[in-house]
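Chemist: First, the structure itself, so that you have it in front of you.
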Amino acid sequence: MHFELTQEFIDNLIEIIESQNVKKARRLLNELHAADIALIYDNLNIEQAKFLFLLIDDGEKAADVIAELDENDRIRFLKSLPSDVIAERFIDYMDSDDAADVIADLPEDRQEEVLKKIKDLEQAGDIVDLLAYDEDTAGGLMGKELIVVNINTDVESAIAEIRSQALEVDEIYYIYVVDDDKILRGALSLKKLIIAKPNIKIKDIYLKDIISVKADMPADEVANIADKYDLVALPVIDSIGRLLGRITIDDLVDVINEEARKDYQMISGISDDVEHSDSIWRITKSRIPWLLVGLVGEIIGSRVLGLYHGNLAEHAALAFFLPLIVAMGGNVGVQSSSIIVQGLANGTLGFGSTTKRILKEMSVASINGIITSGILLAYNIIFSDSLALTISVSTALFSVIIFASMFGTFVPLTLHKMDIDPAIATGPFITTSNDIFGMIIYMSISGIMFYYL
């Protein structure tokens, strides 16, 4: 059943917590999914959260709640708990990748304390191995829990091995095949395994074609590969091909969502990766740079208008269409740049030349420009008695759309070739630039038209 967080629910929950009603609190927790319990955290203080979360009887559910918490919320919550509680109540029930993520949030001294409290030494060792990888790489995403069989074993022995390994794995997406040196050789079809005779060797039935990623591959590239080939899990190997772990679909989705969120923030003019729970100062710092860029741009725009103040004073009707011209230019520029940025991000642009991309966007812009400027021309023919104004506005609109589309295409492609994130080209930068050039184009064309007509 879908859970909807309401103020009435929060008020009732806080009343239960304040009255220390353990029975009611546990009954309520049993009815909620881990993700829904994590959602409640924002509405509780640390002491209330500790009372509630430590009442969760199901160890795996409690671990899932911690994993679902926003990173900043999780850090604050874990700081309030002793190291043995973190290890025994949460880490012991987590997959290695989630456990490594949680421990990585702690200060180094606390990391060592928690690791020493973990009862399963093999799990602790896996976590230490994972902590060595950068969190934004395949190694930082992978978990150690997976099913592996040796290429030289027979089907009967492989099935027995799979049964013993399956106890430690929540979801079995693929069965990986390795040789005696732990080199990844392929994957095993469950169907072939089931129908094969017991004495058949794995080397005679395994699938050799398998897509893997190296541990140092950036996380966004890993997500793009999984998306391209519709994979629900990816094996991770080292530089010589030894199988290290696997990345599962839940982590891949998290990466895709995170990259989309970062690009959206950058397009919106937010320079740093921030969360709603971050401090006011951090959020302010992430927003102010592009606001300053916009401020400088608009100051330049006002100076540009000042150069044409005589034209505006003589033909006041030009001012009525100025917001329309700059707004259309900004919209077209953001549309063009967003499409290019999206294509660059997911690798769907291919290997075509920059010129080809610009020509394609110019064709689209020409069609859009003809339609919109045609509508504006018809409007002015009906409602305006000035031929110069009518032609000026429509011509300027068409010209601005062509320029904005070309500018919005060229800038992200250029930044990409310079190894600069092209997402910074969208939003405030494109909009502000197009405002300035849109004004220049509009006022220049209108000056020519009013001079000759």
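The values are calculated or read from the model by the stated rules, or taken from the named source; none is laboratory data. What you see is a predicted model, and the numbers here were worked out from it, not measured in a lab. For neighbour counting, all protein chains shown are included, and Cβ atoms are generated from backbone atoms with ideal geometry for every residue, glycine included.
Chemist: Do we find that ILE75 is farther than 18 Å from ILE56 by Cα, within 24 Å of the chain's Cα centre (by Cα) and either assigned to a helix (DSSP H, G or I) or at pLDDT below 90 (or both) in this structure?
Modeler: Numbers: farther than 18 Å from ILE56 by Cα: yes; within 24 Å of the chain's Cα centre (by Cα): yes; either assigned to a helix (DSSP H, G or I) or at pLDDT below 90 (or both): yes.
Criteria met by ILE75.
Chemist: Check region 27-44 and report whether any residue there is more than 30 Å from the chain's Cα centre (by Cα) and farther than 15 Å from ALA62 by Cα.
Modeler: Within region 27-44, not a single residue is more than 30 Å from the chain's Cα centre (by Cα) and farther than 15 Å from ALA62 by Cα.
Chemist: Right, here's the next one. Scan region 198-221 for residues that are over 29 Å from ASP254 (Cα atoms) and either in a helix (DSSP H, G or I) or among the polar types (S, T, N, Q) (or both) and report the count.
Modeler: 4
Chemist: If you don't mind, another one. Would you mention how many residues in region 306-316 are in a helix (DSSP H, G or I), of a type outside the set (S, T, N, Q) and crowded, with 16+ Cβ neighbours inside 10 Å?
Modeler: Taking region 306-316 first, the residues in a helix (DSSP H, G or I) are 306-307, 309-314.
Next, only the ones that are of a type outside the set (S, T, N, Q) stay: 306-307, 309-310, 312-314.
Subsequent filtering for residues that are crowded, with 16+ Cβ neighbours inside 10 Å retains 312.
Summing the residues that are in a helix (DSSP H, G or I), of a type outside the set (S, T, N, Q) and crowded, with 16+ Cβ neighbours inside 10 Å in region 306-316 gives 1.
Chemist: Still on this model: Would you mention how many residues in region 256-284 are modelled with pLDDT of 75 or more and surrounded by 15 or more Cβ atoms within 10 Å (Cβ to Cβ)?
Modeler: The number of residues fulfilling the criteria is 3.
Chemist: Pairs under 9 Å by beta carbon, first residue outside any helix (DSSP H, G or I) in region 409-425, partner modelled with pLDDT of 75 or more, six or more apart or different chains?
Modeler: Matching pairs, first to second residue: ILE420/THR414; ASP421/VAL341; ASP421/LEU415.
Chemist: Being surrounded by fewer than 16 Cβ atoms within 10 Å (Cβ to Cβ) and over 16 Å from GLU161 (Cβ atoms) is true for just one of VAL222, VAL232. Which residue is that?
Modeler: On the way: VAL222 fails: surrounded by fewer than 16 Cβ atoms within 10 Å (Cβ to Cβ).
VAL232 is the lone residue from the list that is surrounded by fewer than 16 Cβ atoms within 10 Å (Cβ to Cβ) and over 16 Å from GLU161 (Cβ atoms).
Chemist: Just a yes or no: is a residue in region 158-171 modelled with pLDDT under 95, surrounded by fewer than 18 Cβ atoms within 10 Å (Cβ to Cβ), under 26 Å from the mean Cα position of the chain (by Cα) and within 16 Å of ARG246 (Cα to Cα)? Steps first, please.
Modeler: As a first pass, look at region 158-171 and keep what is modelled with pLDDT under 95: 158-171.
Pick out the ones that are also surrounded by fewer than 18 Cβ atoms within 10 Å (Cβ to Cβ) and you get 159-161, 163-171.
Next, from what is left, pick out any that are under 26 Å from the mean Cα position of the chain (by Cα): 170-171.
Retained after the next criterion (residues that are within 16 Å of ARG246 (Cα to Cα)): 170-171.
Taking every residue of region 158-171 in turn, at least one turns out to be modelled with pLDDT under 95, surrounded by fewer than 18 Cβ atoms within 10 Å (Cβ to Cβ), under 26 Å from the mean Cα position of the chain (by Cα) and within 16 Å of ARG246 (Cα to Cα).
Chemist: Also: Could you check region 81-120 and list, in sequence order, the residues that are within 18 Å of GLY245 (Cβ to Cβ), acidic (Asp, Glu) and without any contact (Cβ under 8 Å) to a residue 60 or more places away in the chain?
Modeler: Correct list: ASP98, ASP101, ASP120.
Chemist: In addition: Do the conditions hold for ASP97, that is, is it touching a strand residue (DSSP E or B) at 6+ places or on another chain (Cβ under 8 Å), within 25 Å of GLY143 (Cα to Cα) and surrounded by 14 or more Cβ atoms within 10 Å (Cβ to Cβ)? Give the steps one after another, and end with the answer.
Modeler: Numbers: touching a strand residue (DSSP E or B) at 6+ places or on another chain (Cβ under 8 Å): yes; within 25 Å of GLY143 (Cα to Cα): yes; surrounded by 14 or more Cβ atoms within 10 Å (Cβ to Cβ): yes.
In short, yes.
Chemist: Please work out which one of (1) at pLDDT 85 or above; (2) closer than 28 Å to GLU221 by Cα; (3) not β-branched (Val, Ile, Thr) is the condition ARG357 fails and give its number.
Modeler: Tallying (1) at pLDDT 85 or above; (2) closer than 28 Å to GLU221 by Cα; (3) not β-branched (Val, Ile, Thr), ARG357 fails exactly one: (1).
Chemist: Kindly indicate the residue of region 98-137 that is part of a loop (DSSP other than H, G, I, E, B) and in contact with a Leu (Cβ under 9 Å, 6 or more places away or on another chain) and also modelled with the highest pLDDT among those meeting that condition.
Modeler: Within region 98-137, the subset part of a loop (DSSP other than H, G, I, E, B) is 105-107, 118-120, 132-136.
Then drop every residue that is not in contact with a Leu (Cβ under 9 Å, 6 or more places away or on another chain), which leaves 105-106, 133, 135.
Details: ASP105: 87, LEU106: 88, TYR133: 93, GLU135: 88.
Ranking the qualifying residues of region 98-137, first place goes to TYR133.
Chemist: Could I ask something else about it? State whether one or more residues within region 109-130 are surrounded by fewer than 23 Cβ atoms within 10 Å (Cβ to Cβ), under 23 Å from SER80 (Cβ atoms), of a type outside the set (S, T, N, Q) and within 26 Å of the chain's Cα centre (by Cα).
Modeler: no
Chemist: Is one or more of the residues making up region 327-343 under 23 Å from PHE407 (Cα atoms), modelled with pLDDT under 80 and either exposed (fewer than 13 other Cβ atoms within 10 Å of the Cβ) or touching a Phe, Trp or Tyr at 6+ places or on another chain (Cβ under 6 Å) (or both)?
Modeler: For region 327-343, residues under 23 Å from PHE407 (Cα atoms), modelled with pLDDT under 80 and either exposed (fewer than 13 other Cβ atoms within 10 Å of the Cβ) or touching a Phe, Trp or Tyr at 6+ places or on another chain (Cβ under 6 Å) (or both): absent.
Chemist: Let me ask something additional. What are the pairs, 6+ residues apart or on separate chains, where a residue within region 195-212 that is of a type in the set (Phe, Trp, Tyr) has its Cβ under 9 Å from a residue that is surrounded by 11 or more Cβ atoms within 10 Å (Cβ to Cβ) and in a helix (DSSP H, G or I)?
Modeler: Pairs that qualify, where the first residue is of a type in the set (Phe, Trp, Tyr) and the partner is surrounded by 11 or more Cβ atoms within 10 Å (Cβ to Cβ) and in a helix (DSSP H, G or I), are TYR206/LYS192.
Chemist: Cβ-Cβ below 7 Å, separation at least six or inter-chain, first residue in region 293-312 and outside the structural domain of ALA388 (by TED's automatic domain parsing), second surrounded by fewer than 13 Cβ atoms within 10 Å (Cβ to Cβ) and of a type in the set (Lys, Arg): which pairs?
Modeler: The qualifying pairs do not exist here.
Chemist: Also, I was wondering about something else. Pull up region 131-157, narrow it to residues that are surrounded by 18 or more Cβ atoms within 10 Å (Cβ to Cβ) and of a type in the set (Gly, Ala, Ser), then point me to the one that is nearest to ASP97 (Cα to Cα).
Modeler: Per the stated criteria, the residue is GLY143.
Chemist: Is it the case that LEU52 is more than 17 Å from GLN111 (Cβ to Cβ), in the same structural domain as VAL102 (by TED's automatic domain parsing), surrounded by 17 or more Cβ atoms within 10 Å (Cβ to Cβ) and in contact (Cβ under 8 Å) with a residue 24 or more places away in the chain?
Modeler: Numbers: more than 17 Å from GLN111 (Cβ to Cβ): yes; in the same structural domain as VAL102 (by TED's automatic domain parsing): yes; surrounded by 17 or more Cβ atoms within 10 Å (Cβ to Cβ): yes; in contact (Cβ under 8 Å) with a residue 24 or more places away in the chain: yes.
So LEU52 passes the test.
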